[in-house]
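The numbers here are math on the coordinates, done by the rules we state, and not lab data. On a predicted model such as this, the values are computed, not experimentally measured, just so you know. Positions of Cβ are generated from backbone atoms using ideal geometry, with glycine treated the same way; all protein chains shown enter the neighbour counts.
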Amino acid sequence: MVATVIDGKAIAAKYRIQIAQGVTALRAQGHLAALTVILVGDDPASAVYVRNKIRACQETGIRSELIQLPASTTEAELLARIQALNLDDAVDGILVQFPLPKHLSEKKVLETISLEKDVDGFHAANIGALVQGQAGLISCTPLACMKLLEAADVKIEGAHAVVVGRSVNVGKPMALLLLQANATVTICHSATNNLASITRQADILISAVGRINTIRAEMVKPLATVIDIGINRDANGKIVGDVDFEAVLQVAGKITPVPGGVGPMTIAMLMNNTLLAAQARRKISLL
């Protein structure tokens, strides 16, 4: 039996319609949600990601601004630009596209972005709010995965969820969101012994390591739901995920493709976070 493919593009399109309605309602009250994206250097992949985010802003009615800075930009110059955006009341969300040139500190960038404008959900205080179960802006990719599971009618409560990857921005918040939804959660990583023996126990298997064929068919429990967060390029330059898609398709119950799975939903959640930030900053509820 072949797995059901979870169509992230179609699900994201529905969310964008809802977000556009929220943006329109906010505009009717005299406020235009606005996102500013900073791109440092000329990394081709980053340029594509930024272009997709700007296009999503246009589709949802969010005002967008792209600030392109040369790779030679100093850390002081970059932090000064962020500080200026923090003080700009017309800007609701600030996103600095990673990775940055090696001489720039991603940690300092995240510490500088105003908490209330941290639409990526990477600020330490937003991560801390998630740990404590408090309100805050949630990292877009883990949130996207939760929305995909919901849309695909995957039962999370009581399920054994295995997250492969422990990054601060994806793996750890992913595990926390699943835990809040009453899943039993196991986190695996590069030092995990006998990874396959653990992944085969998963009702929900999520891979976020950025390595081709990390998850193979023999590592998947029959009829499990497999969410592939990885973005890689194979030997032919084709974009692929962490999961051996064609092989796992024959074992899993539900699976996300790459591209067309988590990626479109991540951008939709960025738009949603921008709308939420705009509402929160102006103390407006659209409910």
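Which is the longest part of the chain that has none of the trypsin sites (Lys or Arg not before Pro) sitting in a DSSP loop with at most 10 other Cβ atoms within 10 Å? Don't jump to the answer; show the numbers that get you there.
Numbers: sites that count: Lys102, Lys238, Lys283.
The segment 103-237 is the longest one with no such site.
Let me see the P(r) profile for region 29-115: every Cα-Cα distance counted, bins of 5 Å, each bin given as a percent of all pairs.
All Cα pairs, binned at 5 Å, distribute as 3, 14, 26, 24, 20, 10, 3, 1, 0 percent.
Starting at the first residue of region 117-130, write each ³J(HN,Hα) from the Karplus equation 6.51 cos²θ - 1.76 cosθ + 1.60 with θ = phi - 60°, in whole Hz, x for Gly and Pro.
3J(HN,Hα) across region 117-130, in whole Hz: 10, 7, 6, 6, x, 9, 4, 4, 5, 6, 5, x, 4, 5.
Work out from phi, with θ = phi - 60° and the Karplus expression 6.51 cos²θ - 1.76 cosθ + 1.60, the ³J(HN,Hα) of each residue of region 67-73, listed in order in whole Hz, and give x for Gly and Pro.
Result, rounded to whole Hz: 9, 9, 10, x, 4, 7, 3.
Going by a ≥ b ≥ c, the root eigenvalues of the Cα gyration tensor, does region 134-287 fall in the rounded group (a/c under 1.5), the prolate group (a/b larger than b/c) or the oblate group? Could you put the intermediate results ahead of the total?
Working: a/c = 1.95, a/b = 1.55, b/c = 1.26.
Here region 134-287 falls in the prolate category.
Compute the relative contact order of region 29-115 as a whole-number percentage, counting only Cα pairs closer than 8 Å that sit 6 or more residues apart in sequence. Could you put the intermediate results ahead of the total?
Details: 108 pairs, mean separation 34.7, N = 87.
So the answer I get is 40 percent.
Mean separation of Cα pairs under 8 Å and 6+ residues apart, divided by the residue count of region 193-267: what relative contact order is that in percent? Spell out each step's value before the answer.
Working: 155 pairs, mean separation 22.9, N = 75.
Once divided by the residue count of region 193-267, the mean separation gives 31 percent.
Can you give the helix-only mean residue ellipticity at 222 nm for the chain, where every DSSP H stretch with n ≥ 4 adds -39500 (n - 2.57) and the sum goes over all residues, rounded to the nearest 500 deg cm²/dmol?
Numbers: 10 runs with 119 residues, N = 287.
That comes out to -13000 deg cm²/dmol.
I need the phi-derived Karplus couplings for region 229-238: 6.51 cos²θ - 1.76 cosθ + 1.60, θ = phi - 60°, integer Hz, Gly and Pro marked x.
Here the 3J(HN,Hα) series is 8, x, 10, 9, 10, 7, 4, 9, x, 7 Hz.
If contacts are Cα pairs under 8 angstrom and at least 6 residues apart, what is the relative contact order of region 223-287 in percent?
Relative contact order here is 31 percent.
For region 226-287, give the magnitude of the charge dipole about the Cα centre (Cβ charges: +1 Lys/Arg, -1 Asp/Glu; no others), in debye to the nearest 20.
On the way: 6 positive and 5 negative charges, 124 e Å.
Rounded to the nearest 20 debye, it is 600 debye.
Just going by the charge dipole of the chain, with Lys and Arg at +1 and Asp and Glu at -1 on Cβ, which of Ala152, Ser105, Asn236 is farthest out on the positive end?
Sorting the options by dipole projection puts first Ala152.
Which length gain, in nm to one decimal place, applies between Arg51 and Leu195 when the Cα-Cα distance is subtracted from 0.36 nm times their residue separation? All intermediate terms of the calculation are to be shown ahead of the outcome.
Details: separation 144, 0.36 × 144 = 51.84 nm, distance 3.64 nm.
Extending this stretch completely gives an extra 48.2 nm.
Regarding the chain, what's the average projected area of the Cα-atom convex hull, expressed in nm²? It would help to have the intermediate numbers written out before the result.
Values: hull surface 59.9 nm².
Mean projected area of the Cα convex hull: 15.0 nm².
Taking the C-alpha atoms of region 42-191, how large are the radius of gyration and the largest Cα-Cα span, Dmax, in Å?
Cα radius of gyration and Dmax of region 42-191 are 17.0, 50 Å respectively.
Give me Leu115, Leu270 ranked fewest to most by other Cβ atoms within 10 Å of their Cβ, as a rough exposure proxy. All intermediate terms of the calculation are to be shown ahead of the outcome.
On the way: Leu115 14, Leu270 27.
Least crowded to most crowded, the residues run Leu115, Leu270.
Determine which aspartates and glutamates satisfy two conditions relative to Lys283: a Cα distance under 15 Å, and not lying fewer than 8 residues away in the same chain.
Asp89, Asp92, Glu116
If you keep only loop residues by DSSP, which GluC sites (Glu not before Pro) in region 110-181 have at most 13 other Cβ atoms within 10 Å of their Cβ? Spell out each step's value before the answer.
Values: sites: Glu111, Glu116, Glu150, Glu157; in loops: Glu157.
Answer by residue number: Glu157.
Using the Cα centre of the chain as the reference point, and only Cβ charges (+1 on K/R, -1 on D/E), how large is the resulting charge dipole? Debye, rounded to the nearest 20.
260
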